[in-house]
Amino acid sequence: MKFSGKRTALAFGLIALAVIVPGAAWYLVGSRELERQITDQSQTAQEEAYESAVRLARQLTDRFAVVLAAEARRPFYHYQTYFQDPQGGSKALSPLASAPTDPLIDFYFEAAGETGTITVPSRDRVNAAALALLQGQFDPTLTTTLSTWRGECRQSTQAVASVENFIGPLKWRTVYLANKPALIALREVCTPQGAVFQGFLVSNKWVDYFFKSAGAVARLRPGRAEGEYQAAVALGGEPWRVLVHPSANGDPVERQAHNLRRAFLTIYIGGVAIAAVAGLGVVWLVWHSDRIARQRVQFAASAAHELRTPLAGLRIYSDMLAEGLGDPGKAKDYAQRIATEADRLGRVVANLLSFSRVERGALKTQLTVGDLAGTLRECLARQRLTIETAGATLDIQIAASLPPVRFDRDTVAEIIENLLDNAEKHTRQSADRTIHVTLAASAGAVELTVADRGPGVPPEVRRRLFEAFARGRSSEAPAGLGLGLVLVKTLAEAQGAQVAYADNEGGGAKFVVSFPA
């Protein structure tokens, strides 16, 4: 859109100022408020994360303590698939041969103190597969770091007979399974057969479920609690901690901050875009108003010229006849010129009245099925003398057999007059001033074609060809109101017809009006 006129430029400047200044202020204030909101939310989430870590660590400490106390009372011989109670009794299946009853425990195991060979009381192959990960990673040096109930296991065969079975306390220890940290409870047991280690592995699935049911994004990891969102789990001398990721409304703080920024930018960009579109709409209205004002001035000047020219001719020739001036033998010619100028004046007035009706929406047509060829012949007969007096000639070709079409006689006559007048004006500088008028059937329609050998329509004018006041800017362009073609299009469409322009073969312009048959 090219802006022209002081009003349009001023409106554009004011609208731009009205959009940019409030938009910048909105962004600055909104950004500060957004960052303050994100900071407050982050601080709140951090505080809640620490409180959640402390709470979860306390609950895990209590839960682990309960399990450890219960398992500490378990007889050492339960770790064998089949056992015989030392107090007597028949051989029985170990209660650990089935899956653990406590979901916190993944599986039980027993490891030889000297070789580290692991066995399980459970017959569950899944647990056996899990033990395969533990195989080779169990640290035999724990025999030198774990204290036993009696402090040592007597390995002497001579002393074994007099030694009771000694069971050390269960203690938490950290091991790595497939390079991932795991928590086990371990105790040393001394029997006449030698020292063994017994214990169980804490289920990571249970820990994950515990955190999920608590509604926290947390992890249980080895090490001391040294961060802001961490809390220690009391496991004796084994350092483990709970890590909680800060979250707001169930989302991580970072994601929540990203969502808040995205929401703000969406609203901001949408608001600025709406304001910009509204502002451009106002500028367009001002530009359109200026354009209409310029067109009205141009129209008034063109109308005055179009009316003055035939009036001047009427006055000159009428005075000559009235005063007996000029060649008396050309009186008939003078009278004919008066009639021609009167016709020209009538066309100008008719176009003005028709355009006025179109603008008011008062255009009315009475469609009837009739002989379009006959109507065309009548119109051409009335226009022939005017066209030939102007120095042009008509070449008429009307098909012998045409299908009936619906049309309005008066509007068809006005369409033909405007197309002929347009062709006559634009061929005044051409060597061939023949205007070709054709009426023929074509693919379910009857086409009225008016073609000339004039300069044709410049490419820059074609897209505005059927707009009001659209005229070529060339200094050689004939004078006119710029209403003829827009009336042709409007009058044709009022009858259900279509108008199209095409370059004429060999040069010139060609207008085709298609009436549906």
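The values are calculated or read from the model by the stated rules, or taken from the named source; none is laboratory data. Bear in mind that the values here come from a model prediction, so they are computed numbers and not experimental data. Neighbour counts are summed over all protein chains in view; Cβ atoms, including those assigned to glycine, are modelled from backbone coordinates with ideal geometry. Just so you know, the surface numbers come from the protein's heavy atoms only, side chains and all, with ligands and any DNA or RNA stripped out. Shrake-Rupley method; radii C 1.70, N 1.55, O 1.52, S 1.80 Å.
For GLU35, GLU51, give the ranking by accessible area with the largest first, probe 1.4 Å.
Details: GLU35 80, GLU51 115 Å².
Listed by decreasing accessible area, they come as GLU51, GLU35.
Of the cross-linked pairs LYS332/LYS489; LYS6/LYS425; LYS180/LYS212, which ones have a Cα-Cα span greater than 27 Å in the structure shown?
LYS332/LYS489; LYS6/LYS425
Say R0 is 35 Å: what FRET efficiency, to the nearest 0.05, do TYR209 and SER90 get from their beta-carbon distance? Let's see the in-between values first.
Working: r = 39 Å, r/R0 = 1.12.
It comes out at approximately 0.35.
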inquiry  = Keeping all protein chains in the complex and leaving out DNA, RNA and ligands, what accessible area do you get for SER401 with a 1.4 Å probe, in Å² to the nearest 10?
reply    = 100
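Which net charge results for the neighbourhood of ALA497, defined as the other residues with beta-carbon distances under 11 angstrom from its beta-carbon, given Lys and Arg at +1 and Asp and Glu at -1?
Details: positive: ARG406, LYS489; negative: ASP408, GLU447, GLU493.
It works out to a net charge of -1.
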key: Surface accessible to a 1.4 Å probe, GLU71 within the full protein complex, Å²   = 10
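Please give the length that would be gained between ALA276 and GLN37 if that part of the chain were fully extended, namely 0.36 nm times their separation in residues minus their C-alpha to C-alpha distance (nm, one decimal). Intermediate results must be reported in sequence, preceding the final value.
Working: separation 239, 0.36 × 239 = 86.04 nm, distance 2.82 nm.
So the chain would gain 83.2 nm between ALA276 and GLN37.
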query = Counting only the heavy atoms of the protein chains, how much of TRP240 is accessible to a 1.4 Å probe, in Å² to the nearest 10?
reply = 10
note = Charge tally for neighbours of ASP102 with beta carbon under 12 Å away, counting Lys, Arg as +1 and Asp, Glu as -1, is 0
query = Top to bottom by accessible area (1.4 Å), largest first, where do THR434, THR375, THR393 land?
reply = THR393, THR434, THR375
key: Loop GluC sites (Glu not before Pro), region 165-237, which have at most 10 other Cβ atoms in a 10 Å radius of their Cβ (DSSP)   = GLU226
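With a 1.4 Å probe and all protein chains kept in place, how do LYS171, LYS425, LYS205, LYS180 rank by accessible area, largest first? Each step should come with its number before you reach the end.
Working: LYS171 60, LYS425 40, LYS205 170, LYS180 140 Å².
The residues order as LYS205, LYS180, LYS171, LYS425, largest area first.
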